[in-house]
Amino acid sequence: MALSGIQIYKLLPASSKNPEVKKHANCKECGFPTCLAFAMKLAQKQAELAQCPYVEEESKAQLEASAAPPIRLITLSADGRKLEVGNETVMFRHEKTFFHPPGLFVRVKDTQPDAAEVAKAVAGYAVEYVGMDLTLDGIAVEADGGDFAATVAAVKAASSLPLILLTEDPAAAEAGLKAAAGVRVLLWAATPDNWQAMAGLAKQYNAALAVRPAETDLNALAGLAEQVKNAGVEDIVLDPACRDFRTSLQTFTQLRRLALKHGERRVGYPILAFAGNDPLLAGQHIAKYGGFIILDSFSPATVYPLLVLRANIFTDPQKPIQVQPGVYEINNPKPSDPLMVTTNFSITYFSVANELESSGLPGWLLVADAEGMSVLTAWAAGKFDAERIAKAVNNNGLAEKLAHKRLIIPGHVAVLMGELEEELPGWEINVGPREAVDLPNYLKMQWG
Amino acid sequence: MSAIAIPVEKWSGKVREVTLGATAEQGGTRTKTVTVGGETTLPFLHFEGQLPHPPAIAVEIRDRPPADWSPVLLEAWGDVVNDVTAWARAAEEQGADIVLLQFSLHHDLTADYARQTLRRVLSATGLPLIVFGPGQADIDNEILVAVAEEGKGENLVLGVCEDKNYRTIVAAALAHNHMVNARTAMDVNLAKQLNILISDMGMPVERIIMDPTTGALGYGIEYGYSVMERLRLAALQGDSMTQLPMLVTPGEEAWRTKEARAGEGVPAAWGDWAERAINWETITAGTLIESGADIVVLRHPESVKRIRAMINALMN
């Protein structure tokens, strides 16, 4: 829970019972005139606690705990690519939104001759979806008895992506961490057997550290996280040691509830999930609380739908993605080419625009301001009615721009035809197909 | 260090249990019935409530070979699409729990034709049936009234009931002891309202399945997903008119996307066509199962297999 300025003031030197600390009251070394002024700035997050050299350890711990989000934000990075995971605040996206999409990683082994090639393919993969370029986030390199350091170095050189190092052997881990110099990696895993050595390495090489108990057990997991935290590791990731649908869903849900609804700091970290080769399991992890998700192989036919699912689930439900209302020219239309109208919901717009573009047929696409709703939803809500469509036609000067007066409306709103003919005297209203995918055929058949 | 207890939440509500189909003992001819619903917690959280029935898989078949289906689908089913009885048998062989007979819109679609088609499908499969009209109010009403009468005793699910057209279908279902599917456009209040309207006609709520509609992956799935989560939360919190099992049609939605239909002229980053298309259907369906779907209607046999494996993994 965040503390107020007054609560923070009670933890600063001016309020200390220790004379050695109290003597620094209002010393101004922090850059503020008094401890109270500093406390107020801290509460507003406009100052850093480190600016006070005299704050007591116990106070420091309390202040830091109070400022921490319930699920710690973990940052991995490489060569300008940054991945932030955590800091979520709700169980269900409709309650507010999910903030940080989980990182999607592809696993390669150090015994795999094409590890660097796979890494390169993963790094080079991008797919366009509603105007966004969707990409994968990193490579998980597994020590499997090969030359781990060389593989890490090769993957790093080939991909320039954040890395997860998969090994329980501290010697291999250190070799991998050295080879990954310059990349902020996630090291997996600290176990009940090796946690001291792994925590030491995570500290030394500034890596995030995943903890994995011997079996799925909340207390074993929390205990292990607490141990590595006490050993000085801040950036912790939880691997609750479940790999199947049912246990993963239950355990990830429990961990999220504990962090968000029970203030349980010991498990207030993102979750690492292994999806194997099952796109459905990866899909579950995307929707239900995975933080870092490792896929065992890379295939465009699998990662494309997963990246789209991630984009969908992590869309802010209060802000549907919209496109600017107006007239869009597709494939250099002439004044004699067809005019179609749709709404400004991005998915609607892109469905229609993509169909037209890929068909090569020229046309004018009029995008009416339907407050970011799809055709049917907007129509039901009265945001895509005859009046609005007529207004869009008139405001965009289409009667002047075009050599014809024919308007194609989406098949789903065929009922608007009569009203539109009244609103737009002199215009011929044509009912187009219901689905964008049928538009090219419709145009070929109907537009002569 | 204090021990961490498993965070269990208390829910006061329960989703109604609904049974589709009727065996000979129950006055029908089905070899099995399918019961869904009965949940007292969120999907698959076995540690805090009862989940007595796995979500069921319905497979959509058509009375005519579908003119606009993706070649990937047509190839997977092969010749059976030319014969509704063969298709019904194939659906059962491929692991369907329920067969959904979707009538296509064509000139032969009369009440008599619908009766005959229903007879043929009933004789071809022992699974419970859902029967949907082509989605044009006057024709839906005409053929569903005939189907309700012809299928007396079979405990069919008739659809689609929408706020603009539900009375005739509900009356036919009431008269012949069938159930109905109530579809609304991705909105919690619209869903409740239609359930109320239908139950006001005297239809017991136990005989309504609600269909909150979904978008496909990439085409608005997040709206359907969140509406379903909200409906299920409301049900568990005790809101009676949301305590109905949910049916959604991820097959139909996914297979009309360009990703599922287009094999050529698409970006290389989309990957192998058939695999991408099946992933589109299964990831849409799987995500909706996680948000509370009790019945998913699928189209591709491979999708049935994969979704079945997922359901088994979540239940057992």
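Points to keep in mind about this one:
- Top of B:Arg276, B:Arg232, B:Arg62 by mean-square fluctuation, Gaussian network on chain B, Cα under 10 Å: B:Arg276
- As computed over chain A, the Cα convex hull volume per residue (Å³): 190
- Euclidean distance of C-alpha centroids, segment B:279-293 and segment A:378-446, integer Å: 34
- Low-density loop cleavage sites - trypsin sites (Lys or Arg not before Pro) in segment A:31-89, where at most 11 other Cβ are within 10 Å (DSSP): A:Lys45
- Shielding of peptide A:292-305 by partners, expressed as the average count of other chain Cβ atoms within 10 Å per residue Cβ, is 4.
- Straight-line cross-link reach from A:Lys401 at under 24 Å between alpha-carbon atoms covers these lysines, not counting any fewer than eight positions away in the same chain: A:Lys334, A:Lys391, A:Lys444.
- Lys/Arg +1, Asp/Glu -1 at C-beta; segment A:5-67 dipole; positive extreme among A:Thr34, A:Gln46, A:Leu63: A:Thr34
- The residue list A:Ile330, A:Leu376, A:Ala399 was ranked by how far each Cα lies along the charge dipole of segment A:325-418 toward its positive end, using unit charges on Cβ atoms, and A:Ala399 comes out on top.
- Filter on A:Lys22/A:Lys203; A:Lys109/A:Lys229; A:Lys288/B:Lys10; A:Lys82/A:Lys120; B:Lys32/B:Lys192 - keep pairs with C-alpha separation over 25 Å: A:Lys22/A:Lys203; A:Lys109/A:Lys229; B:Lys32/B:Lys192
- Long-range Cα-Cα pairs in segment A:199-261 (distance over 19 Å), rounded percent: 33
- Estimated translational D of the protein assembly as shown in µm²/s (Stokes, Kirkwood radius over Cα pairs; 20 °C; 1.002 mPa s): 75
- Relative to the Cα centre, the charge distribution of chain B, modelled as +1 at Lys and Arg Cβ and -1 at Asp and Glu Cβ, gives a dipole magnitude of about 420 debye.
- In a reduced charge model with +1 at each Lys and Arg Cβ and -1 at each Asp and Glu Cβ, chain A shows a dipole moment near 1300 debye about its Cα centre.
- For segment A:74-313, convex hull of alpha carbons as volume per residue, Å³: 111
- Each part reduced to its alpha carbon centroid, segment B:46-112 and segment A:139-190 end up 48 Å apart.
- Evaluated with a Cβ-only charge set (Lys, Arg +1; Asp, Glu -1), segment B:159-316 carries a dipole of roughly 220 debye about its Cα centre, given to the nearest 20.
- A straight Cα-to-Cα reach below 29 Å connects A:Lys23 with the lysines A:Lys10, A:Lys41, A:Lys45, A:Lys60, residues fewer than 8 places away in its own chain not being considered.
- A:Ala149 sits among other residues whose Cβ lies under 10 Å from its own Cβ, and their net charge, with Lys and Arg +1 and Asp and Glu -1, is -2.
- Charge context of B:Leu118, other residues only, Cβ under 9 angstrom, K/R +1, D/E -1: +1
- Ranked by the mean number of other Cβ atoms within 10 Å of their residues, highest first, the peptides B:10-21, B:64-75 come out as B:10-21, B:64-75.
- Sequentially through segment B:253-261, phi angles give Karplus couplings (6.51, -1.76, 1.60; θ = phi - 60°) of 5, 5, 7, 9, 6, 4, 4, 8, 9 Hz, Gly and Pro residues having no value and appearing as x.
- Whole-Å distance, taken between Cα centres, linking segment B:114-132 and segment A:327-344: 46
- Of the residues A:Ala222, B:Trp255, A:Ala172, the one whose Cα sits farthest toward the positive end of the charge dipole of the protein assembly as shown, with +1 on the Cβ of Lys and Arg and -1 on the Cβ of Asp and Glu, is A:Ala222.
- All other residues whose Cβ lies under 14 angstrom from that of A:Asp137 are scored, Lys and Arg at +1 and Asp and Glu at -1, for a net of +2.
- Peptide-level mean, for B:305-311, of C-beta atoms on other protein chains within 10 Å: 2
Each value in this text was obtained by applying a stated rule to the coordinates, not by laboratory testing. This is a predicted model, so every value here is computed, not measured. Positions of Cβ are generated from backbone atoms using ideal geometry, with glycine treated the same way; all protein chains shown enter the neighbour counts.
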